[in-house]
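Visitor: Shown below is the structure under consideration.
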Amino acid sequence: MYLATTDAAATAKVTRGRVGGPVLALGAVSLVTDVSSEMVTAVLPLYFVLQLGLSPLQFGFLDGLYNGVTALVRLLGGRAADRGGRHKLVAGAGYALSALSRLGLLLAGGGTLGIGAALAADRIGKGVRTAPRDALISLSAPPDALGRAFGVHRAMDTTGALLGPLAAFALLWATADAYDAVFVVSFCVGLLGVLLLVAFVPGRAGLPAHQREPRPVPRSQGRLLAPLRDPAFRRICAAAGLLGAATIGDSFLYLLLQRRLDFAVSWFPLLPLGAAAVYLALAVPAGRLGDRIGRRVPFLCGHVALLGGYLLFLATDAGPVLLVGVLLLLGVFYAATDGVLMALAGPVLPAANRASGMALLQTGQALCRLLAAAGFGAAWTLWGSGPALVTAALALAAALAAATVLLSGRAGRGPADRGRPGTRQPSPAPPSEDPAPEGPDPQEPEHTGGPENTGPPPERPGPEAPDPERRPSRP
């Protein structure tokens, strides 16, 4: 079964109705947690590059580590969540670790080693929670509405990303660049997210009945890499990896904007707000569009928008056009790819391996983006920003061409085209072995042309129906 038939089946019929309570509860948790994390993330590029004086190459490795260290624990988190259906427990542990990492930033006192350890703890927490959380979303929504469910969740998540830098900017403005105040408030908000998860997100008992107790899978399918046995999932992983290897971090784009436009560094934390606002506006429409026309289309178009952002840096130096255009295209990129990719992969994966499969996909994408961040940082340091952007644009164009081929494979018509989205359907059942009713021998030639064959066949006498008025006689 290839991706084309799976995606077509998944989008053949769109379920009407509202998004379920578990998805909304997880969205609220992500909203609050993103306020906490983005308060810190918004000031990191300034702190590393402008205050500590790191080169673009050094920042590239740190930025890639910040986004790629999750690979060390994401697979284990997904596997632990699948064993016994402990998605809520594993996700809660990840949220708690990320909240506690804010205290590590507070206690680090400006030390590079302490800050690095705190950032690693935050990324480990994110790696542990992401796959179980996305698995909970995919298990709580029907397969033909996964795009909408992930779109609603990502919209709420992005609301937190929108409010986080705004809160950091307000705190730095009010406290004269006191980073400690940002870390304290970030910890309190993160702790609130953990409490919301415990109170309002249902566990396994709150899942739909058909997802509550996954069927036992063979031992060979219970291994960590078992989801890669599916050809459709392999195609999705390969396409996401190729595109991730050509995707430079958005922090680099913000740094390029700051250097090109030469605005005051105090406005730097507000740059993510533009992209987040576009993401917030388009996340749900992109998910709905994916449910209707196929999730491959918005996923690929989102990377086309990112390519447009690269080319815009090369095409113009006009400040307002460059600022608005890059932030707009970056927001379109995230809205059309983040939740849509998980919705694309969800129906392909069985319920018993849902978190493990999503962890594999997210880990591969994160590792490829780590290589992209380090490579772009090295190219910028050695050649300058212009040649580095040209190289990134050419790499993304080539990756787009390859991903289009990978995601457009065709399979022969078969039961998978007609069954439940993303699941392997059994072969058609053999003819029933029950004795057929009395009638003409099927091997006898059928008489044609006679008037007696123009109407329906005559009824055959069956067992006498009981008379409802007749009372049983007493012995």
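The values are calculated or read from the model by the stated rules, or taken from the named source; none is laboratory data. What you are looking at is a predicted structure, and each value in this text was computed from that prediction instead of being measured. Virtual Cβ from ideal backbone geometry, glycine too; neighbours counted across all protein chains shown. We work out accessible area using only protein heavy atoms, side chains counted, and drop any ligands, DNA or RNA first. Shrake-Rupley method; radii C 1.70, N 1.55, O 1.52, S 1.80 Å.
Visitor: Multiply the residue gap between Leu195 and Ala170 by 0.36 nm, knock off their C-alpha separation, and tell me the result in nm, one decimal place.
Guide: Extending this stretch completely gives an extra 6.5 nm.
Visitor: Moving on to the next point. Could you give me the ³J(HN,Hα) list for segment 395-400, computed from phi with Karplus coefficients 6.51, -1.76, 1.60 and θ = phi - 60°, whole Hz, x at Gly and Pro?
Guide: 5, 5, 5, 5, 5, 5
Visitor: How large a share of the accessible area of segment 112-177, in percent, is made up of carbon and sulfur atoms when the probe is 1.4 Å and the other protein chains stay in place?
Guide: Carbon with sulfur: 75 percent of the solvent-accessible area.
Visitor: Ranked from highest to lowest mean number of other Cβ atoms within 10 Å per residue, what is the order of the peptides 193-203, 19-29?
Guide: 19-29, 193-203
Visitor: Among 261-269, 313-321, what's the highest-first ranking by average C-beta atoms within 10 angstrom per residue?
Guide: Top of the packing list down: 261-269, 313-321.
Visitor: Next up: According to a simple spin-label model (label point 7 Å from Cα along Cα-to-Cβ), what is the distance in nm between Ala281 and Arg83?
Guide: Computed distance between label sites Arg83 and Ala281 equals 4.7 nm.
Visitor: What order do you get for 394-402, 230-238 when each peptide is scored by the mean count of other beta carbon atoms within 10 Å, highest first?
Guide: Highest-to-lowest ranking by the protection proxy: 230-238, 394-402.
Visitor: Subtract the Cα-Cα distance of Val304 and Ser408 from 0.36 nm times their separation in residues, and report this length gain in nm to one decimal.
Guide: Residue separation times 0.36 nm, minus the Cα-Cα distance, leaves 35.8 nm.
Visitor: With every protein chain kept in place and ligands, DNA and RNA left out, what is the accessible area per residue of segment 286-335? Probe 1.4 Å, answer in Å².
Guide: With all protein chains present, segment 286-335 gives 40 Å² per residue.
Visitor: Once both labels are modelled 7 Å past Cα along the beta-carbon direction, what's the Leu314-Ser55 spacing in nm?
Guide: 2.5 nm
Visitor: Can you give the accessible area per residue of segment 78-146, in Å², using a 1.4 Å probe?
Guide: Working: 2320 Å² over 69 residues.
Computed with neighbouring chains in place, this is 34 Å² per residue.
Visitor: To the nearest 0.05, what FRET efficiency results for Arg234 and Leu270 with a Förster distance of 51 Å applied to their C-beta separation?
Guide: About 0.80, to the nearest 0.05.
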